[in-house]
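Please read the structure below before turning to the comments.
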Amino acid sequence: MLKKTWDRAYGTEEIITKENSSLEMLELTMVKLHPGESVSFAEKGKETSLILLGGKCSVKGEGFDYENIGKRMNPFEGAATAVYIPHDTPYTITAVTDVTIAVCKSPSELDCEPVLINPEDVIIKHLGKPGWQREAHFVVDERVTANLIYIGEAFVEGGQWASYPPHKHDEDNMPIEGILEEYYYYEFDKEAGFGIQKVYSKGGDIDETYTVKNGDAVEIPRGYHPFCCAPGYNNYYLWVMAGENRGFFMTTEEAHKWLNA
């Protein structure tokens, strides 16, 4: 089962871990706090990226203190605020307003600096053609010195596909394709919103199809992974990748390459 579900309750909940998932390089913890509440982390051997889905908070650790950060109250109100935290760096999150944060983790022993990514730092691109158009946001990308983790967001209108034409990044064939694990975390602009996520491998040993709703996440250990959003709803998904070759090193499924012409 590649799909995991977060109940969206207040508190801290581990969603994707090494123990419960198919992934070796990625984990996900969701944090939701009331104003004034705090939670502390001390991750050994892991780099962390905090993606503020909505709300304001402060993030403090030794040598950094990011006060009252966050400019959107939900994912549909603009670009993200994020904090990259290197390995073995304890930190505390304190909510200023109600705040929801995706805590994205990956193995690391790379010595580097914490980084605050503000909404104006996010690179926004409009990708695709009619039928598979989406807005892609690059948040923790090549501009941030990190070990494995590489993060962005996608905004998909109802009836549109994303990660389409189907692509994969599970073979070491650089600079064309690299090995990168991934997961998606989904939210919709209405509670009834939903989408369809497929994950299927070139060899056919993986062939999964999931209905995804608010709070769902799907692991992509390898294979193609197209997604579509149900008409009448707008979708947001957080995409988190990890691999030695950070970036968009991927190949399109052979039968569908003609769509890129």
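The values are calculated or read from the model by the stated rules, or taken from the named source; none is laboratory data. These numbers come from a predicted model, not from an experiment. Counting neighbours? That spans all protein chains shown, and the Cβs are built from the backbone with ideal geometry, glycine included.
Can residue 144 be described as crowded, with 19+ Cβ neighbours inside 10 Å and assigned to a loop (DSSP other than H, G, I, E, B)? In short, yes.
For segment 1-47, filtered to residues that are within 15 Å of residue 104 (Cα to Cα) and among the acidic types (Asp, Glu), the residue that is surrounded by the fewest Cβ atoms within 10 Å (Cβ to Cβ) is 24. Whenever a residue of segment 100-115 is without any contact (Cβ under 8 Å) to a residue 12 or more places away in the chain, it has no partner that is among the β-branched types (Val, Ile, Thr) and part of a loop (DSSP other than H, G, I, E, B) lying with C-beta atoms less than 8 angstrom away and at least six residues away or across chains.
Regarding segment 81-92, can at least one residue be identified that is farther than 27 Å from residue 181 by Cα and not acidic (Asp, Glu)? The answer is yes; a qualifying residue exists.
In segment 88-118, of all residues being within 16 Å of the chain's Cα centre (by Cα) and either among the β-branched types (Val, Ile, Thr) or closer than 14 Å to residue 155 by Cβ (or both), the one that is surrounded by the fewest Cβ atoms within 10 Å (Cβ to Cβ) corresponds to 103. Do you know which of the residues in segment 53-87 that are part of a strand (DSSP E or B), hydrophobic (A, V, I, L, M, F, W, C) and under 16 Å from the mean Cα position of the chain (by Cα) is nearest to residue 11 (Cα to Cα)? Here the answer is 53.
When segment 171-186 is filtered for residues that are closer than 12 Å to residue 250 by Cβ, surrounded by fewer than 22 Cβ atoms within 10 Å (Cβ to Cβ) and not polar (S, T, N, Q), the ones remaining, listed by number, are 171, 174, 175, 176, 177, 178, 179. Within segment 7-30, if we keep just the residues that are polar (S, T, N, Q) and in a strand (DSSP E or B), the residue that is nearest to residue 239 (Cα to Cα) turns out to be 29. Close contacts from segment 124-138, counting a first residue that is on the phi > 0 side of the Ramachandran plot and a second that is acidic (Asp, Glu), with Cβ to Cβ under 6 Å and a gap of 6+ residues or different chains, come to none at all. For segment 224-252, the set of residues classified as in contact with a Lys or Arg (Cβ under 8 Å, 6 or more places away or on another chain) and within 17 Å of residue 174 (Cα to Cα) consists of 250, 251, listed by residue number. Of 50, 110, all but one fail to be assigned to a strand (DSSP E or B) and either at pLDDT below 95 or within 21 Å of residue 148 (Cβ to Cβ) (or both); the exception is 50.
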